[in-house]
Amino acid sequence: MKSKKIYERHLGRSSWERIEGVSYIYDLNDFLNDPEIKLIVISTPLSSHYEYAKKVLEAGKNCLVEKPFTETTAEAIQLFKLAEEKDLRLEACQNRRFDSDFLTAVKMTESGKPGEVFEIESNYDYYRPEVPENIEKFSRTTSFLYAHCHSIDQIIGYFDKPEKIHCDLRQLMGEGRMNDYFDVDMYYPSRNLKVAIRSSYFMNKLRDSLRVYGKNGTSIKEKEDQQEKDIKRFYLPKGHPDFGLDKPEDYGTLYTLNDKGETVEEKIETVPGNYARFYEALYETLVNSKPPVVKPEETIELMELIENAVASMDSSCYSRLPM
């Protein structure tokens, strides 16, 4: 795929370096009426996702929408229905399914080395107290759970919809302030599995990124995927073969017991993350009709989960939500 045009809602305000060969436009119709454009990517703030996605689909263009997909489940359902009616591809941009720490946890789960897996723990923490301190009122669009829905999508994409769920969303700065903490427990009784997903703005000692607990051992990956960090410092894949890669000292560790009952530690080489795999798969979906990486029903299930979880703060942070 090749980028042809970039729509700037506020033309000229961006400080980003212009990409050679790409036109920068301020009229959305330049996108919608261009017969050469087959896919439009929406990466605007959440509040405009539904509006823009609907315009794109009505113009007969395939559409990729940045996460979180929409503000409500109803909006997501409407958009997928419209895409189906027009025989177009609509997908949520959940490229974080190709995070190295998550892929490594999947590798451990499938390897059989930890034995039967009973629990997976995923943590995505910050120490940025200034963020929630500066937000004086609650808004769904700035909800921590909405903004970090990728960690839940990873689990839905791999294990499917949970059979039961328990959500604990908090406003650590006080009632009516930002949702700055969440703890989501996803249960799969038929697999004897629980997945715990946690995140906070107030962890000055970050928790391990991913843990896999099995009958025969435990796998621990301390550090998160490095791709985002490299991107933020403009250390991009082109010309940098080590982009996003872990160093050996950052590999995870598998802890098992030998026949003597002694703990054995084994370093687990990190599975390389690669966001490009998402776009390669999207190309195959658009051009060769391959199944999408992120299925419509998975996006709808995710929207139901996070929308209900955020709504639960109005009554009880510990509400058990039916799925």
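The values are calculated or read from the model by the stated rules, or taken from the named source; none is laboratory data. None of these values were measured; they are calculated from a predicted model. Every residue, glycine among them, receives a Cβ derived from its backbone with ideal geometry; neighbour counts consider all protein chains shown. These area figures cover heavy atoms from the full protein model, side chains too; ligands, DNA and RNA do not enter into them. Shrake-Rupley method; radii C 1.70, N 1.55, O 1.52, S 1.80 Å.
Does GLU91 satisfy the condition of being acidic (Asp, Glu) and crowded, with 20+ Cβ neighbours inside 10 Å?
Yes.
Counting only residues that are among the polar types (S, T, N, Q) and surrounded by 15 or more Cβ atoms within 10 Å (Cβ to Cβ), which one in the stretch 303-323 is modelled with the highest pLDDT?
If we take residues in the stretch 303-323 being among the polar types (S, T, N, Q) and surrounded by 15 or more Cβ atoms within 10 Å (Cβ to Cβ), then ASN308 is modelled with the highest pLDDT.
Considering the stretch 121-164 alone, what residues qualify as being closer than 21 Å to ARG97 by Cα and among the aliphatic types (A, V, I, L, M)?
Passing the criteria: LEU145, ALA147, ILE152, ILE155, ILE156.
State whether the residues of the stretch 258-269 include one that is part of a helix (DSSP H, G or I) and at pLDDT 90 or above.
No, the stretch 258-269 has no match at all.
Which is in contact with a helix residue (DSSP H, G or I) (Cβ under 9 Å, 6 or more places away or on another chain), without any contact (Cβ under 8 Å) to a residue 60 or more places away in the chain and either farther than 22 Å from LEU282 by Cα or of a type outside the set (D, E, K, R) (or both), of SER143, SER151, SER139?
Exactly one residue qualifies, and that residue is SER151.
Can you confirm whether GLU175 is in a loop (DSSP other than H, G, I, E, B) and free of Cβ contacts under 8 Å to residues at least 40 places away in the same chain?
Against the criterion (in a loop (DSSP other than H, G, I, E, B) and free of Cβ contacts under 8 Å to residues at least 40 places away in the same chain), GLU175 qualifies.
Cβ-Cβ under 6 Å, sequence separation 6+ or interchain: first residue in the stretch 1-30 and assigned to a loop (DSSP other than H, G, I, E, B), partner open to solvent by 60 Å² or more (accessible area, probe 1.4 Å) and at pLDDT below 70. Which pairs?
Pairs that qualify, where the first residue is assigned to a loop (DSSP other than H, G, I, E, B) and the partner is open to solvent by 60 Å² or more (accessible area, probe 1.4 Å) and at pLDDT below 70, are TYR26/LEU11.
Which residue, of SER3, SER43, SER47, is touching a strand residue (DSSP E or B) at 6+ places or on another chain (Cβ under 8 Å), of a type in the set (S, T, N, Q) and open to solvent by 50 Å² or more (accessible area, probe 1.4 Å)?
None of the other options fit; the residue is SER43.
Checking PHE80 against (1) surrounded by fewer than 17 Cβ atoms within 10 Å (Cβ to Cβ); (2) under 22 Å from GLU301 (Cα atoms), only one condition comes out false. Which one?
The number of the failed condition is (1).
Anything in the stretch 24-78 that is hydrophobic (A, V, I, L, M, F, W, C) and in contact with a His (Cβ under 9 Å, 6 or more places away or on another chain)? List them, or say none.
Matches in the stretch 24-78: ILE42, VAL65, PHE69.
Quick check: anything in the stretch 94-111 without any contact (Cβ under 8 Å) to a residue 24 or more places away in the chain and farther than 24 Å from VAL293 by Cβ?
So far as the stretch 94-111 goes, no, none of its residues is without any contact (Cβ under 8 Å) to a residue 24 or more places away in the chain and farther than 24 Å from VAL293 by Cβ.
So how many residues does the stretch 207-227 have that are open to solvent by 60 Å² or more (accessible area, probe 1.4 Å) and hydrophobic (A, V, I, L, M, F, W, C)?
The total comes to 0.
Scan the stretch 149-206 for residues that are in contact with a Leu (Cβ under 7 Å, 6 or more places away or on another chain) and open to solvent by 10 Å² or more (accessible area, probe 1.4 Å) and report the count.
2
Considering only the stretch 112-148, state which residues are hydrophobic (A, V, I, L, M, F, W, C), open to solvent by 50 Å² or more (accessible area, probe 1.4 Å) and closer than 25 Å to SER47 by Cα.
PHE138, ALA147, listed by residue number.
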